[in-house]
Amino acid sequence: MHIDAKLIPDHSVIEGDICIIGAGAAGISMALEWINTPYNVILLEGGGFDYEPAMQDLYRGKTTGQRYYPLESARLHYFGGTTGHWAGFCSVFDPIDFEKRDWVPYSGWPIKRGDLDAFYVRAQRNLDLGPYEYSYEYWRENDPSLVSLPFDPNAVFNKMWQFSPPTRFGSKYKDTIVNAPNIYLYTYANVTDITANEHASAIKQVTIKNLAGKQHTVKAKCFVLACCSMQNARLLLASNKQAPKGLGNDHDVVGRYFMEHIEIKSAEMWFPDPEQLKLYSIDYGKTKVRAELAITAEKQREHRILNGTASFSPLEAARNQPAFIDIWKSSDPKERAKAFGKFDETERKSKSSNGHNSFQLFTRIEQAPNPNSRISLDTETDALGMRRAMLHWELTPLEKRSIRMIYEIIGRQIGIAGKGRVRLMEYLRDEHDDSWPEFTGGGWHHMGTTRMGTDPKTSVVDANCKVHGISNLFTAGASNYATAAAPNPTLTLVALTLRLSDHLKRSAGIFV
Amino acid sequence: MERRAFVRLSAYTALVLAIPLADGCKTNPNDPLSQPFLFSRIADIKTLREAGMAYRKLAPHENDPTSLRQLLSEGKPTTDAKLLTTLLNRQVKQDFASAKVITVAGWVLSVTEARQCALFSILNT
Ligand SMILES: Cc1cc2nc3c(=O)[nH]c(=O)nc-3n(C[C@H](O)[C@H](O)[C@H](O)COP(=O)(O)OP(=O)(O)OC[C@H]3O[C@@H](n4cnc5c(N)ncnc54)[C@H](O)[C@@H]3O)c2cc1C
């Protein structure tokens, strides 16, 4: 059922069993799981069904520290959320990503990779991906032309990626959600405040507002915050009536440990003879799988580095391509699409059936969890009277050292194979230089602002995504990530959301 | 780096047949000590020189042709270009396998081939 919150009487009180805040990849995945259950599910979406500049403006906010995209351009504020923008690149986290690594401060999840396997299988379906198969051997058997570079698998392996069409949750799941008898989707229902009981140990209700000037109250037995990493933190911090520092923020952790994937051109690989590298190339929209070069857990341990991967683009075109951070600047999505169109065209043109002698190696690497990298609240408020989010993005020397080492490892491997040579870009050559070049950018992957852990002093939610100390408040999405791993976040965040959904279904006590 | 400016003679046949060198390169093509086999099929003369000069800065005690020749021919009692090339190639791979690797002008090279570049750069100033 769909209800436009602008059209119902002001100060309406809406009641249900479970209230999901935000209808993006996480919120919709969660809602789908509850269709035809005995529970009334309220799904609150801040925007409508289409892009609107006024809605998008609610995401505007300052950024400091490492140069970043304008915040209002990095997320979408309408039904379907940022899947309206995403590119559909998906891969699974590695077991090491969940482990405590003594060289990565604040690393370690309270769950293991194995805890997600069953949910990855289900998440693959939500995102219209292929079989839950991420081993190179599986795909090679299906297509013998996917030939690997001859690396020692104990050092460098082929990390497989699958590509969603990409699934736009807004268009794909709208009818299913709207037609579900027990799902009550409210659009133009921006949550601006979460009200807890006196001791801030349980949530009673949330306040929703819209630009039509209406305000309503939503009461439920259980609340799931699924409005992206930036907004999850913003909402908790802004909800400070019962807890002065914000909900779940007794230890000043909410909003901290914001993480992005550093996505940056880093090196070149040169071959004496032209190479096709079919396994490593992508024809956007057509390719079902491809590989990126990844460093094994053993080598990560040996060199005390972060987890990252390298992808290939023919150098001739890639060296003239602008960096994402330089073209993703406009708040207007049409302008951004234009800039990106040119980028894609150059990529396409660069493909040659004769192969290439040289390739650019592009890094995608996790950022080490860093308490100084954070979302906080500005004093400026948005049109609904809510304090705006502010991002301070901060990297550490470990990220840069890790990138350098990844290419040294790959360089060694290609040398052992007698196949080619690697050349590091200028900014990586001086090992004492921790600065980042102008073209350093992120992958639009916001993670870690309500991180998962067992200790409330360094985490916001527990292994079941429940906010520490609050019995009926949960967070869904990449805000839960304790570390970022190398792959893009959406497949894993959907898997984690399905896990949370199963947990809630088992926790019948919550709904009494 | 322009492909057309590459030193193309480092493929083995090119070496033994002594195809004339590209402009600006004074190295004797029959001298494998100053011709990194694989790298010179990738890199142009300028790049080989740059890599060699960078190595010489990092290893100033090796910065003369006699020392470099001595280091490169160590354990290779032959003047036969073909055999020497094979032995040097083997050593390059061994270098990579045993982490005898150095980054010069951004290139991740084996120490042996970096020395070959160094000798090349001295002979082709
Ligand atoms: C250009 C681009 C390319 C990307 N490419 C990839 C990729 O290739 N692979 C990948 O894995 N990921 C990619 N991503 C990231 C991906 O889009 C996100 O990981 C994913 O959409 C996050 O899902 P989410 O549900 O947590 O948040 P969102 O999808 O952002 O959904 C949040 C929802 O909450 C709503 N909301 C926000 N605040 C409130 C509020 N106060 N009250 C009510 N509702 C609210 C929003 O309107 C929105 O609908 C990309 C992102 C961008 C921008």
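The values are calculated or read from the model by the stated rules, or taken from the named source; none is laboratory data. This one's a predicted model, so the numbers in the text were calculated from it and none came from an experiment. In this analysis, Cβ positions are derived from the backbone assuming ideal geometry, glycine residues included, and neighbour counts consider all displayed protein chains. Side chains included, ligands, DNA and RNA excluded: accessible areas come from the protein's heavy atoms. Shrake-Rupley method; radii C 1.70, N 1.55, O 1.52, S 1.80 Å.
For this structure, a couple of remarks:
- Count of residues meeting criterion [assigned to a strand (DSSP E or B) and touching an Asp or Glu at 6+ places or on another chain (Cβ under 9 Å)] in region A:24-63: 2
- Restricting region A:79-105 to residues that are closer than 15 Å to A:Gly22 by Cβ and surrounded by fewer than 22 Cβ atoms within 10 Å (Cβ to Cβ) leaves a set whose member that is farthest from the ligand (Cβ to nearest atom) is A:Gly84.
- A:Gly114 within 16 Å of the ligand (Cβ to nearest atom) and either without any contact (Cβ under 8 Å) to a residue 60 or more places away in the chain or under 30 Å from A:Thr396 (Cβ atoms) (or both): no
- Region A:218-253, subset among the polar types (S, T, N, Q) and within 14 Å of the ligand (Cβ to nearest atom), residue farthest from A:Gly16 (Cα to Cα): A:Ser229
- Listing of helices (runs of 4 or more DSSP H) fully contained in region B:1-116 that carry 2 or more residues being at pLDDT 95 or above: B:39-42, B:45-58, B:65-73, B:81-97
- Taken as a whole, the condition of being open to solvent by 20 Å² or more (accessible area, probe 1.4 Å), of a type in the set (Gly, Ala, Ser) and within 14 Å of chain B (Cβ to nearest Cβ) applies to A:Ala417.
- Filtered residues of region A:381-414 (kept if touching a residue at least 12 places away in the same chain (Cβ under 8 Å), not hydrophobic (A, V, I, L, M, F, W, C) and not in a helix (DSSP H, G or I)): A:Asp382, A:Gly385, A:Arg387, A:Arg388, A:His392, A:Glu394, A:Thr396
- Inside region A:389-408, residues that are in contact with a Lys or Arg (Cβ under 7 Å, 6 or more places away or on another chain) and open to solvent by less than 10 Å² (accessible area, probe 1.4 Å) make up a count of 1.
- One residue stands out in region A:117-164 among those that are among the small types (Gly, Ala, Ser) and more than 14 Å from chain B (Cβ to nearest Cβ): the one that is nearest to the ligand (Cβ to nearest atom), namely A:Ser164.
- Hey, A:Trp436 open to solvent by 10 Å² or more (accessible area, probe 1.4 Å) and within 14 Å of the ligand (Cβ to nearest atom) or not: no
- Every pair of residues 6+ apart whose Cβ atoms lie under 6 Å, when the first sits in region A:420-442 and is within 10 Å of chain B (Cβ to nearest Cβ) while the second is assigned to a strand (DSSP E or B) and of a type in the set (Asp, Glu): A:Arg423/A:Glu268
- Hits in region A:116-146 (condition: within 19 Å of the chain's Cα centre (by Cα) and open to solvent by 70 Å² or more (accessible area, probe 1.4 Å)): A:Arg125
- Some residue of region A:222-232 being farther than 17 Å from A:Leu377 by Cβ and assigned to a loop (DSSP other than H, G, I, E, B): yes
- Counting only residues that are part of a loop (DSSP other than H, G, I, E, B) and touching a Gly at 6+ places or on another chain (Cβ under 9 Å), region A:7-23 holds 3 of them.
- Inside region A:22-71, residues that are over 18 Å from the mean Cα position of the chain (by Cα) and aromatic (Phe, Trp, Tyr) make up a count of 4.
- Flag for A:Tyr184 being in contact with a strand residue (DSSP E or B) (Cβ under 9 Å, 6 or more places away or on another chain), within 15 Å of the ligand (Cβ to nearest atom) and open to solvent by 20 Å² or more (accessible area, probe 1.4 Å): yes
- Filter result for the condition that a residue is open to solvent by less than 10 Å² (accessible area, probe 1.4 Å) and assigned to a helix (DSSP H, G or I), over A:Ser479, A:Ser459: A:Ser479
- Condition check for A:Arg401: modelled with pLDDT of 95 or more and of a type in the set (Lys, Arg): yes
- Only one of the numbered conditions (1) touching a helix residue (DSSP H, G or I) at 6+ places or on another chain (Cβ under 7 Å); (2) buried (at least 24 other Cβ atoms within 10 Å of the Cβ); (3) within 14 Å of chain B (Cβ to nearest Cβ) is not met by A:Ile375, and that is (3).
- Test: B:Ala99 is within 11 Å of chain A (Cβ to nearest Cβ), over 12 Å from the mean Cα position of the chain (by Cα) and surrounded by 15 or more Cβ atoms within 10 Å (Cβ to Cβ): no
- Filter pass, A:Ala267 being more than 14 Å from every other protein chain (Cβ to nearest Cβ), open to solvent by less than 40 Å² (accessible area, probe 1.4 Å) and among the small types (Gly, Ala, Ser): no
- Applying the condition of being farther than 13 Å from B:Leu58 by Cβ and of a type outside the set (Asp, Glu) to region B:107-118 and asking which residue is farthest from the other protein chains (Cβ to nearest Cβ) yields B:Gln116.
- Answer from A:Leu7, A:Leu58 - the residue that is without any contact (Cβ under 8 Å) to a residue 40 or more places away in the chain and either away from the ligand (no atom under 14 Å from the Cβ) or within 17 Å of A:Gly81 (Cα to Cα) (or both): A:Leu7
- Inside region A:64-78, residues that are part of a strand (DSSP E or B) and open to solvent by less than 40 Å² (accessible area, probe 1.4 Å) make up a count of 0.
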